[in-house]
Amino acid sequence: MDEIVIRSMVRWPDVPDVFGWLALDRRGNWLVKCTGGGFERIGNAALCAFIGRNYQHDDDGRWFFQNGPQRVFVNLHHMPLVYRIDGGGKRLLAHSGLVAQALRAAWLDDAGGLLLQTDLGAGSLDDRDLAEALALMRDAAGGSPGEAAIERGSGLQLVIGSDCISLGAALVAEVATRFGFVATPRPAPGQADC
């Protein structure tokens, strides 16, 4: 978390939380609510980096951006983190700018996506990197799996850097429960919202 954010939290400890104004899309783009109720992509790179450095979750699985003394809770279009494959298949980079140090688990979901658990947390692979991920998959014999093997999803491994993980199966409808996050955070009973 940025030092300026930490100082502001001490200075103004009772600022109400914000809900419904910030979202994260399936490709790791930050979206802000606009006049008329729609959302538009935040294009300012410095602002996106600031949000990413101050992005975390509470004990209830609600993800938020700590904006100075105020928590701005994030509506998640899919998962709390969005990963890209970086370094020629050697590492995973989260949309927040952090580099995952360890891939711990991976699943193919019923919509053709790839879900990942790293030391940073649970997330999905950006769909623009799925072709590269397929090239990093191995079948039981250590070779490149065919299309039928990928559709079955069993006996496959994902190799990223030095991590070699067996792929499981997951259902998109169950990701929030499975990974313990809240896709659309709401104020807790008695909690103020501005």
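Take every Cα pair under 8 Å whose residues are at least 6 apart in sequence, average their separation, divide by the length of the chain, and the relative contact order is 22 percent. Just checking the listed ones, GLY36, GLY28, GLY142: in the Gaussian network model of the chain with Cα springs under 10 Å, the one fluctuating most is GLY36.
Calculated mean residue ellipticity, 222 nm, the chain: -4500 deg cm²/dmol, from DSSP H runs (n ≥ 4) at -39500 (n - 2.57) each, averaged per residue and rounded to 500. Of all beta bridges that DSSP places with both ends in the chain, some 75 percent have antiparallel geometry. Pairwise Cα distances in the chain exceed 27 Å for 34 percent of all pairs.
For segment 81-179, the relative contact order is 27 percent, taking Cα pairs closer than 8 Å that sit 6 or more residues apart in sequence and dividing their mean separation by the residue count. One quarter of the surface of the convex hull around the alpha-carbon atoms of segment 3-76 equals 5.5 nm², the direction-averaged projected area.
Bear in mind these aren't lab numbers, they're just calculated from the coordinates by the rules spelled out. All values reported here derive from a predicted model rather than from experimental measurement.
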